[in-house]
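We did not get these values from a lab; they are worked out from the coordinates using the rules stated. Remember, predicted model here, so these are calculated numbers, not experimental data. For neighbour counting, all protein chains shown are included, and Cβ atoms are generated from backbone atoms with ideal geometry for every residue, glycine included.
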């Protein structure tokens, strides 16, 4: 009965967190406060009552419409709450009443929000992947202190989470460099690189690589389907016209490539994460050199305009992480058996 009780509580708590994630998904990319004003209808601006803020229940009771102006409410609000609740429940069922349950719930929550923001705006706000990164490092440090399996100091001083984040960041940065050398344009967004760092910090290296493999496989299938749809609707020709080379000089291309390498060093050395903490603690004056390297504004490219055939990769990474957490070990065993390496 106690196990069932906590399973129900995990589901309910997940629904509550999902309700907050809806606020994050809407406001964070727009630079709005997550606290003020309170929940309200964006059409008539009426503040919602407590009854209208009950996760899952209120949406169904209101029949997906504002009670005052009858403006339709997107079904995404309901699905984000339900998916978050189901994810928290699944994590509890896998790990049980353990600190791992809390850590993985806190880790997956910003990833669910990142899934939505990347779909909506091709953007993964810094606050989301950095929160996931801090959860991963904090959990690893706790595991080292508590002596949990898989948590240790490498070479006597380096947490495995920091090393895992470094390696996974390097993998995605190599993809960026390869895409630039071959295609003369970015093949991977900075948000994807930083999300890979958080994933590498949280998951064991083998599960991180499995999650990336799943993301690539799912993304490839989705991309081929999207290209086929564009070809049938005539959108492919429009995209080719839009992507014709510009008159950008070779010097500008070199400067952009050098800038990408500079940001790569920042991500690998966690400079952006360190500076984010310094700003939050209001001690950025103690690290003036970092302030000179990383601007106060978000380093996401606000000028990026997605084309008809562009697809965000972040959602596939989130799907890959979820599958790796719940089925990664089984998938690895199946692969080793199939390849004859097991």
Taking 0.36 nm per residue of separation between residue 71 and residue 95 and subtracting their Cα-Cα distance, the length gained on full extension comes to 4.5 nm
Place a label point 7 angstrom from the Cα of residue 86 along the Cα-to-Cβ direction, then list the residues of segment 110-134 whose backbone nitrogen is under 15 Å away. 112
Between residue 27 and residue 152, 0.36 nm times their residue separation minus their Cα-Cα distance comes to what? 41.2 nm
Could you work out [θ]222 nm for the chain from helices alone, using -39500 (n - 2.57) per DSSP H run of at least four and dividing by all its residues? Round to the nearest 500 deg cm²/dmol. -22500 deg cm²/dmol
Using the C-alpha gyration tensor of segment 11-67, what are the square roots of 5 times its eigenvalues, in whole angstrom, with the largest one first? 18, 16, 9
Semi-axes of the equivalent ellipsoid for segment 88-141, please: Cα gyration tensor eigenvalues, times 5, square-rooted, ordered largest first, whole Å. 23, 14, 5
Cα gyration tensor, segment 103-183 - rounded (a/c under 1.5), prolate or oblate: oblate
Taking the chain, the equivalent ellipsoid from its C-alpha gyration tensor has semi-axes in Å, biggest first, of 31, 29, 23
Here FRET efficiency (C-beta to C-beta, residue 53 to residue 252, R₀ 41 Å, nearest 0.05) is 0.25
Can you tell me the order of 53-59, 116-122, 103-109 when each peptide is scored by its average per-residue count of other Cβ atoms within 10 angstrom, highest first? 103-109, 116-122, 53-59
Label residue 229 and residue 174 with points 7 Å out from Cα along Cα→Cβ: what is the distance between them in nm? 3.3 nm
Directionally averaged shadow of segment 41-100, computed from the convex hull of its alpha-carbon atoms, nm²: 5.1 nm²
Direction-averaged shadow area of the convex hull around the Cα atoms of segment 74-232, nm²? 11.6 nm²
For residue 3 and residue 330, calculate 0.36 nm times their separation in residues minus their Cα-Cα distance, and state this gained length in nm to one decimal. 115.2 nm
Relative contact order (%) - criterion: Cα under 8 Å, at least six apart; region: segment 1-118: 39 percent
Work the Kirkwood hydrodynamic radius out for segment 41-149: mean of 1/r over every pair of different alpha-carbon atoms, inverted, in Å. 16.2 Å
Rounded, prolate or oblate (a/c below 1.5 giving rounded, otherwise prolate when a/b exceeds b/c) for segment 143-215 by Cα gyration tensor: prolate
